[in-house]
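Beneath this line is the structure, given in structure tokens, with notes to follow.
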Amino acid sequence: MTSLFLFGASEGGLFDFDATLPLMAVQVVLLTFILNTLFFKPVGKVVEEREDYVTTSRAEAKQKLAEVERLESDLKAQLKEARLAAQKVINDAEQDSDKLYREAMALATAEANSSREKARLEIDSQREAALNQLKVDADKLGDLIVERLLAAK
Amino acid sequence: MGLLPFVFPFAELEVGKHLYWQIGDLRIHGQVFMTSWIVIGALLALVVVGTKKMERDPRGVQNLLEFLWDYIRDLARTQIGEKVYRDWMPFIGTLFLFIFVSNWGGALVPWRLIRLPSGELGAPTADINTTVALALLVSLSYFYAGLSNKGLRYFEYYVHPTPIMLPFKIVEDFTKPLSLSFRLFGNILADELVVAVLVFLVPLVLPVPVMFLGLFTSAIQALIFATLAAYYIGEAVEEHH
């Protein structure tokens, strides 16, 4: 019975070819065109746009990275220069202040020395004057004593 | 499903019975068209939902569609070659999607619960008309691809390494659609029959691994059909010097 169904020519069977075949073919062809419009084209567009976007973004990012690296090395060099300049300024300032200090010190020392010398000279002269006066007074006194003693005799 | 043996005794496993529709002088297999419309409807629904709001950062169904697109593109590109794969991608993709959804629909949806006056619903690819239609479309496509790409030089292919190949290459033009259609038809029908027989004999547990095997076979068959179709087209457009 089954074999009759399998190869039965007139009605039914597994190998029963009829208008299903061409109509199915037409249907699949139509489906191909519909899917092409609804699926393959739009999805392809989105996917390819994204691929482009990723590629260009990568390229841009690489470019930016290179730019950043260049700027970084630039800035590093500038920083080094600035450090050296700052060091130099500090050294200069230290030397300047040192010099100023020494000058002021020398000036002050000289002034002190000179005023001390002046004072000493003045003291000396006054002592001299006082001694002379003392000598004169002593001489006078001596003379007076001598006179009195002689007069009393 | 446990009731099936009583509803469909094995002697009437509905092999080779069809629900005939008469359109003018033409007779067609109604059950094949009914399931094929469901398959096409499911495909179109998926595609319409997935492409409704496409974004650069894909979300939801768009991911699935892009995965499928990528898969089909790789398939077409490796088999057909960089130069013309774009023209044939929709055809290869439609073959793959239609066969895949048909096979899985036949394996996953319990069609037998829907009673028809005659015949039964099942995968459209379990009908020889469908598979032969698809295989003949593939034949037409590779002839068209070869002729439109290389003109009459396409026929150099028949005598390519030596003219001795001529009869073999001619026979190949017949065996290609034959093997394509019968491989698909046989695998899907056999899978449905095995599941039906096992369900009839042991309605519990035992058919489940066979059903999983059926899903595997279904997917593989869709892939094989699409890959071979792409390969034939690639062979026809290939330049050999």
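The values are calculated or read from the model by the stated rules, or taken from the named source; none is laboratory data. All values derive from a computational prediction rather than experimental measurement. Every residue, glycine as well, gets a Cβ built from its backbone with ideal geometry; the counts of neighbours run over all protein chains shown.
Only one of the listed residues (B:Leu134, B:Leu116, B:Leu43) is of a type outside the set (Asp, Glu), more than 8 Å from chain A (Cβ to nearest Cβ) and in contact (Cβ under 8 Å) with a residue 12 or more places away in the chain. That residue is B:Leu116.
Whether a residue is facing another protein chain (nearest Cβ under 9 Å), assigned to a helix (DSSP H, G or I), under 19 Å from the mean Cα position of the chain (by Cα) and not hydrophobic (A, V, I, L, M, F, W, C) was assessed, and B:Ser139 does not pass this test.
For first residues located in the stretch A:27-45 and within 18 Å of B:Val132 (Cβ to Cβ) and at pLDDT below 95, partners that are of a type outside the set (Gly, Ala, Ser) and exposed (fewer than 15 other Cβ atoms within 10 Å of the Cβ) and lie 6+ apart or on another chain with Cβ distances below 9 Å form the pairs A:Gln27/B:Trp37. Checked against the criterion of being more than 27 Å from the chain's Cα centre (by Cα) and of a type in the set (Asp, Glu), the candidates B:Glu156, B:Glu172, B:Glu192 yield just one match: B:Glu156.
When B:Ser102 is tested against (1) surrounded by fewer than 15 Cβ atoms within 10 Å (Cβ to Cβ); (2) small (Gly, Ala, Ser); (3) touching a residue at least 40 places away in the same chain (Cβ under 8 Å), exactly one condition is not met: (1). Can you confirm whether B:Leu121 is more than 9 Å from chain A (Cβ to nearest Cβ), within 19 Å of A:Leu23 (Cα to Cα), of a type in the set (A, V, I, L, M) and touching a residue at least 24 places away in the same chain (Cβ under 8 Å)? So B:Leu121 fits the description; yes. Under the condition of being among the small types (Gly, Ala, Ser) and assigned to a helix (DSSP H, G or I), which residue from the stretch B:73-96 is farthest from the chain's Cα centre (by Cα)? It comes out as B:Ala76.
I want to confirm something. Restricting to the stretch B:196-217 and keeping residues that are out of contact with any helix residue (DSSP H, G or I) (no Cβ under 7 Å at 6 or more places or on another chain) and in a helix (DSSP H, G or I), which single residue is nearest to B:Ala145 (Cα to Cα)? Here the residue is B:Phe216. Take B:Arg27 and decide whether it is at pLDDT 90 or above, surrounded by 13 or more Cβ atoms within 10 Å (Cβ to Cβ) and not β-branched (Val, Ile, Thr). Answer is no for this residue. Taken over the stretch A:23-33, residues that are at the interface with chain B (Cβ under 7 Å from one of its Cβ atoms) and either loosely packed, with under 15 Cβ neighbours inside 10 Å or not aliphatic (A, V, I, L, M) (or both) amount to 2. Counting only residues that are exposed (fewer than 15 other Cβ atoms within 10 Å of the Cβ) and touching a helix residue (DSSP H, G or I) at 6+ places or on another chain (Cβ under 6 Å), the stretch B:54-98 holds 1 of them. Of the residues B:Ile170, B:Ile188, B:Ile220, the single one that is over 21 Å from B:Thr130 (Cα atoms), of a type outside the set (Phe, Trp, Tyr), modelled with pLDDT of 90 or more and part of a helix (DSSP H, G or I) is B:Ile170. Taken as a whole, the condition of being surrounded by fewer than 16 Cβ atoms within 10 Å (Cβ to Cβ) and within 17 Å of B:Leu108 (Cα to Cα) does not apply to B:Leu198. Quick one: would you say B:Asn103 is in contact with a strand residue (DSSP E or B) (Cβ under 9 Å, 6 or more places away or on another chain) and in a helix (DSSP H, G or I)? Criteria not met by B:Asn103. Would you be able to tell me the number of residues in the stretch A:42-76 that are facing chain B (nearest Cβ under 8 Å) and under 27 Å from B:Ala45 (Cβ atoms)? So the count comes out to 7. Going residue by residue through the stretch B:107-120, is there one that turns out to be crowded, with 22+ Cβ neighbours inside 10 Å and in contact with a Ser or Thr (Cβ under 9 Å, 6 or more places away or on another chain)? Yes, the stretch B:107-120 has at least one match. If a residue has to be farther than 17 Å from B:Leu223 by Cα and away from every other protein chain (no Cβ under 13 Å) to count, how many in the stretch B:177-195 make the cut? Adding up the residues that qualify gives 2.
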